[in-house]
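Colleague: Mind having a look at this structure? Questions to follow.
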Amino acid sequence: MAEEVVEKKTEETKRVIHTYPLIRHSDMNEEMRTEAMELCVTACEKFSSNNENAAKMIKETMDKKFGASWHAVVGEGFGFEITHEVKNILYMFFGGTYGIVVWKCS
Amino acid sequence: MPTKGTARGKAPPGADKRKAKTIKDDDTITELREDLDDDWTQPKQLVKPDDQLQLSEAELKEEFTRILTANNPHAPQNIVRYSFKDLQYKQTSSVDQLAIHFALDGNLIHKDSDEARRQLARGEQGVEVVSEHQSEAGDVEKADTGTDTEGGEKAEGESGKEGDGAEDGAPTPAPAAGSSSEKKLTNQFNFSERASQTYNNPLRERGTTTEPPPRATYSSNVTQWEIYDAYQEDFEKQEKSKEKKVVPGRKDEETKRKKLTIVDSQSDDISSVARGAKIIERMVNQNTYDDVAQDFKYYEDQSDEYRDQEGTLLPLWKFSYEKAKKLAVTSLCWSPCYTDVFAVGHGSYDFMKQSNGMILFYTLKNPSYPEYMYQTDSGVMCLDIHPTQPYLVAAGFYDGCVGVFNIHENKGGPIYLSTAKTGKHTDPVWQVRWQKEDLDNNLNFFSVSSDGRITAWTLIKNELHYMDVIQLNTNDLLADAVDGSQLATTGAGMSFDFHKQNDYLFLVGTEEGKVHVCSKMYSSTFLDTYNAHHMAVYRVAWNHYHPRIFITCSADWSVKIWDRTNSKPEPVFTFDLNSAVGDVAWAPYSSTVFAAVTTDGKVHVYDLNVNKYEAICEQLVTPKKKTKLTHISFNTEYPVIIVGDDRGYVTCLKLSPNLRKMPKEKKGTEQVKPEEKAAQKLEFEVNKMEKLLAMVRQPDNKEKEKH
């Protein structure tokens, strides 16, 4: 029993550690990718309790910076199948629990 | 309005000149003006009506006095009005003498009037003012005359209303002239706009559609456990790569990813510019090797004219590849389709020093780097490009395998390869040669190896099927061997060649120096056997034109030419080249020209038609004496040969004019069809050879007769 508890604890500490943004899939170029990632991080930190607002902010900022027709999804659990313009997708995890998809398609 | 003023002033005087004379004595200005007018006008011709009274002189001179008064004859002269003052009717003394016969409201306004000022202020608008002006003209007129009288310009006009307009006109010219410097309004009567209409170009619609940006689909699921797993995986990866305490941070992540992407993008870039780079490379080579290219195309050795028979070889490009420098050239083959492309097989002839092999494709357009390359584990000993599908290359290896390479497929290795299971040779494969497609249209080729087998390989689907055509270690050989030693019994094939016309007929040269004439039909016996050489027969080749002539070369320093129909098993010609002969090749342009390479680094070119005993060119083409020449091949179109040596170099040489003497074309043959021409050429070349053969035989026969 004692061992189990210890294990759990370590796991939990690990979990706490893993909050950095983790890019799962992206075919953007380097510059765009970092910018988009930073944006997602700021948006999620700013609206930590409201995913809708975070997604809105990501979408609007991306529209401004890289041209129209961006889409953003922020959530803790969802499935998606999307068609995107090549070199314009970013799928990342953040904060240990959030999944963020940002893509462009007009 | 100056213009209007004058117009109005001038018109009436013409009409009432006489009236003015008689009625107005004080109107001197008018009179003066009339006088002035008379001075320059032409005297008038009086036109008399027909019914005019003819009066006598006395009658004419008679004076009638008539006093004209201003009184209106129709005006009543006895108007009586009731006077309230005197309480009685009284006759009025003054009677209105004015009678209006005609009145027309003009559209002129005085320039000093309020209306005129207003319009002047708006005058900038130009045309608009005029039109507005006209519409308002009626009202303006009244105001105009009103102001006129009030201003007291005219003394006589005191009683006047509109009626005195005629008298009004005369004095106005003075102020009109004074104001001419003011802004002019448009002349209403003969004004025309100066604007012009230009031609309008016709409109045309033009539209294009662009390709939509490329898209891709991506799908995934976001769940808590997947997120957790992803983090876990990444975490472990980080730990492994660092083997340190994990410092989870964005920066590490980023830098890692940065490096990755940089590598990615670079590889992408290279592949995308590959074609461009290739073109640039060729352009650069074209510039660097410009002089060589010029020589290739245009240089003809002038000294040939003075040497009458001998010729020379002009070295052109030298082909080499870094990785193939230590590997001997074991085979050369021109592409049957592209006259500037050839394949080179690299391997080693040294039994003790065997290493890997290479197949390289060069083009004359780029001598600096091979077009295609394949690396093989075993040395390449021979290769052949398919005559109709030039992207297929058959190769034989030192380890006994045969393989087929496809240049179109971007594979690093062969698309077919024989294995121990599928009947590979047990000794080096010395020659491969593509054959015509079989009945099922399957591609197939033959190979000869020193294990004594001649094998046909067929490409069926993904596999290489084999069939032994002939086994060289037969009983005949055993019987031939006098001492009955075992070694002599094995026939080791070194080379073969297929007859140009008879599909079934082929020659096999062996390591023992024998040449067998074989048929594909009989797998156990030979049609004929020549004891041609004392050492290995390196090359056997049918003549391109004459169907019975073939040539052999051997390590025993000799090159021999044979006639199949010769009754005795003797060569027609024998040449001693004073060194082992690596390769010999007939020239594609003549039946009597062939070239051989020897291990002392020399190229020998013979033209039997010119000299039956000596080479017409014997030239050292290697920089060092030690270098051995291994192979030679004629280009089918250009007068060049390529020569390979045992250091991995391939040299391209140009034949001087003496080495490629062509039959003189008869006059009038230019119109002949190409097929006929080819037939003529064939006949000519065969006859040339026949003549030679006859010359060689004659002395023999004569000798016989003597005996």
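Colleague: Would you check if B:LYS297 is over 23 Å from B:GLN431 (Cβ atoms), of a type outside the set (Asp, Glu) and either touching a residue at least 12 places away in the same chain (Cβ under 8 Å) or surrounded by 21 or more Cβ atoms within 10 Å (Cβ to Cβ) (or both)?
Modeller: no
Colleague: Still on this structure, I have one more. If I ask for residues that are part of a loop (DSSP other than H, G, I, E, B) and in contact with a helix residue (DSSP H, G or I) (Cβ under 8 Å, 6 or more places away or on another chain), which ones from region B:634-659 would you list?
Modeller: Within region B:634-659, B:TYR638, B:PRO639, B:GLY648, B:SER656 qualify.
Colleague: Can you tell me which residues in region B:638-661 are touching a Cys at 6+ places or on another chain (Cβ under 7 Å), buried (at least 22 other Cβ atoms within 10 Å of the Cβ) and under 19 Å from B:LEU364 (Cα atoms)?
Modeller: The one that is touching a Cys at 6+ places or on another chain (Cβ under 7 Å), buried (at least 22 other Cβ atoms within 10 Å of the Cβ) and under 19 Å from B:LEU364 (Cα atoms): B:ILE642.
Colleague: May I ask you to verify whether A:VAL73 is within 25 Å of B:TYR231 (Cα to Cα) and buried (at least 22 other Cβ atoms within 10 Å of the Cβ)?
Modeller: no
Colleague: Condition (residue is at pLDDT below 75, within 12 Å of chain A (Cβ to nearest Cβ) and either in contact with a helix residue (DSSP H, G or I) (Cβ under 6 Å, 6 or more places away or on another chain) or closer than 30 Å to B:CYS617 by Cβ (or both)) applied to region B:266-275: is it met by at least one residue?
Modeller: For region B:266-275, residues at pLDDT below 75, within 12 Å of chain A (Cβ to nearest Cβ) and either in contact with a helix residue (DSSP H, G or I) (Cβ under 6 Å, 6 or more places away or on another chain) or closer than 30 Å to B:CYS617 by Cβ (or both): absent.
Colleague: With the structure loaded, tell me whether A:ILE100 is in contact with a Leu (Cβ under 8 Å, 6 or more places away or on another chain), more than 9 Å from chain B (Cβ to nearest Cβ) and not charged (D, E, K, R) or whether it fails that test.
Modeller: No; evaluated as a whole, the condition is false for this residue.
Colleague: So which residues in region A:63-78 are among the hydrophobic types (A, V, I, L, M, F, W, C) and more than 9 Å from chain B (Cβ to nearest Cβ), if there are any at all?
Modeller: A:PHE66, A:ALA68, A:TRP70, A:ALA72, A:VAL74
Colleague: Take the residues in region B:210-235 that are of a type in the set (A, V, I, L, M, F, W, C) and assigned to a helix (DSSP H, G or I), then tell me which one is farthest from the other protein chains (Cβ to nearest Cβ).
Modeller: Ranking the qualifying residues of region B:210-235, first place goes to B:TRP225.
Colleague: Which ones in region B:72-111 are surrounded by 12 or more Cβ atoms within 10 Å (Cβ to Cβ), closer than 30 Å to B:PHE189 by Cα and out of contact with any Leu (no Cβ under 8 Å at 6 or more places or on another chain)?
Modeller: B:ASP105, B:GLY106, B:ASN107, B:LEU108, B:ILE109, B:HIS110 - these are the residues of region B:72-111 that are surrounded by 12 or more Cβ atoms within 10 Å (Cβ to Cβ), closer than 30 Å to B:PHE189 by Cα and out of contact with any Leu (no Cβ under 8 Å at 6 or more places or on another chain).
Colleague: Scan region A:17-33 and tell me whether some residue there is more than 9 Å from every other protein chain (Cβ to nearest Cβ), of a type in the set (Val, Ile, Thr), more than 15 Å from the chain's Cα centre (by Cα) and farther than 17 Å from B:ARG215 by Cβ.
Modeller: No.
Colleague: Checking B:ASN502 against (1) modelled with pLDDT under 85; (2) within 20 Å of B:ALA555 (Cα to Cα), which single condition isn't satisfied?
Modeller: The number of the failed condition is (2).
Colleague: Pick from A:GLU85, A:GLU60, A:GLU81: which is acidic (Asp, Glu), within 11 Å of chain B (Cβ to nearest Cβ) and surrounded by fewer than 16 Cβ atoms within 10 Å (Cβ to Cβ)?
Modeller: A:GLU81
Colleague: Let me ask another. For the subset of region B:112-135 comprising residues that are of a type in the set (S, T, N, Q) and at pLDDT below 80, which member is farthest from B:PHE191 (Cα to Cα)?
Modeller: If we take residues in region B:112-135 being of a type in the set (S, T, N, Q) and at pLDDT below 80, then B:SER135 is farthest from B:PHE191 (Cα to Cα).
Colleague: Mind listing whichever residues of region B:394-434 are assigned to a strand (DSSP E or B) and farther than 20 Å from B:VAL329 by Cβ?
Modeller: B:VAL404, B:ASN406, B:TYR416, B:LEU417, B:TRP434, listed by residue number.
The values are calculated or read from the model by the stated rules, or taken from the named source; none is laboratory data. All values reported here derive from a predicted model rather than from experimental measurement. Cβ coordinates were reconstructed from backbone atoms using ideal geometry, including for glycine residues, and neighbour counts include every protein chain displayed.
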